[in-house]
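All remarks here apply to the structure that follows.
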Amino acid sequence: MACKRCCTHSPSPLHGYARVTSLKVLGVTLTDRLSVTAHVDDVVGSCARSMYAISVLRSHGIEMSALQQVFRVVVVSKLTYAASAWWGFTTSADRQRIDTVLSRAVRSDLWTSSGKSDSHTFEDLCNSADDELFTKIRTSSNHILHALLPPPSTASQNYGLRQRIHSLQLPERSTHLVDCNFLMRMLYKNCY
């Protein structure tokens, strides 16, 4: 039986090093609880500042098509940067906050596609990016993540099963945290 005191306290910090609760790695803020809410806060705040800058450009008479392009290049790219890595760890509140940014852009006519309002949610953008990345990982043996893929399924090689996105073995799902991982999400996507 584990000692309750040992399980609730963190180990003592090393001399000369400060303990932190969050860390920014390659532009993505992670917390000690593997929450990305701090990252979402940073991204939503940055996007709000960018939206204000776009509104200033609008007040100076910049064409709407140029503003839409600036929005896609600046705001959408900020939102989707490394989203495959952190999207699975978001909460519904995080997702709603990100969708709010896109909703504001739709109301401002900044988020359009082919002349009509774009109905894409942030989840749609992430799913599209995830599918594209997973296809690259599966099809290129030189991709750095290719070595992390499980081996091909023997069932798919021996039986005439329905067509799936991939014919890889499905690893055992052990915890909810593992389910948030990009590769695990993609391996189990649409496997019903």
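The values are calculated or read from the model by the stated rules, or taken from the named source; none is laboratory data. As the structure is a computational prediction, the values presented were derived from the model and not from experiment. Positions of Cβ are backbone-derived with ideal geometry, glycine not excepted, and every protein chain shown enters the neighbour counts.
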Quiz prompt | Unique residue being in a loop (DSSP other than H, G, I, E, B) and at pLDDT 85 or above when the list is Leu161, Leu102, Leu170, Leu110 | solution = Leu110
Quiz item: Taking segment 57-75 only, how many residues are assigned to a loop (DSSP other than H, G, I, E, B) and either among the basic types (Lys, Arg) or surrounded by fewer than 13 Cβ atoms within 10 Å (Cβ to Cβ) (or both)?
Solution: 3
Practice problem: Keeping to segment 34-56, report how many residues are within 17 Å of the chain's Cα centre (by Cα) and either part of a loop (DSSP other than H, G, I, E, B) or among the aromatic types (Phe, Trp, Tyr) (or both). | Solution: 3
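Is there a residue being out of contact with any strand residue (DSSP E or B) (no Cβ under 9 Å at 6 or more places or on another chain) and in contact (Cβ under 8 Å) with a residue 60 or more places away in the chain anywhere in segment 45-59? Before you say what the answer is, go through the steps one by one.
As a first pass, look at segment 45-59 and keep what is out of contact with any strand residue (DSSP E or B) (no Cβ under 9 Å at 6 or more places or on another chain): 45-59.
With in contact (Cβ under 8 Å) with a residue 60 or more places away in the chain added as a condition, the list becomes none.
Looking through segment 45-59, none of the residues is out of contact with any strand residue (DSSP E or B) (no Cβ under 9 Å at 6 or more places or on another chain) and in contact (Cβ under 8 Å) with a residue 60 or more places away in the chain.
Consider Ala93 carefully, then state whether it is exposed (fewer than 12 other Cβ atoms within 10 Å of the Cβ) and within 30 Å of Phe134 (Cα to Cα). Step through it out loud before you land on a result.
On the way: exposed (fewer than 12 other Cβ atoms within 10 Å of the Cβ): yes; within 30 Å of Phe134 (Cα to Cα): yes.
Criteria met by Ala93.
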Quiz item: (1) part of a helix (DSSP H, G or I); (2) exposed (fewer than 15 other Cβ atoms within 10 Å of the Cβ); (3) not aliphatic (A, V, I, L, M): which one isn't true of Lys78, the others all being true?
Solution: (2)
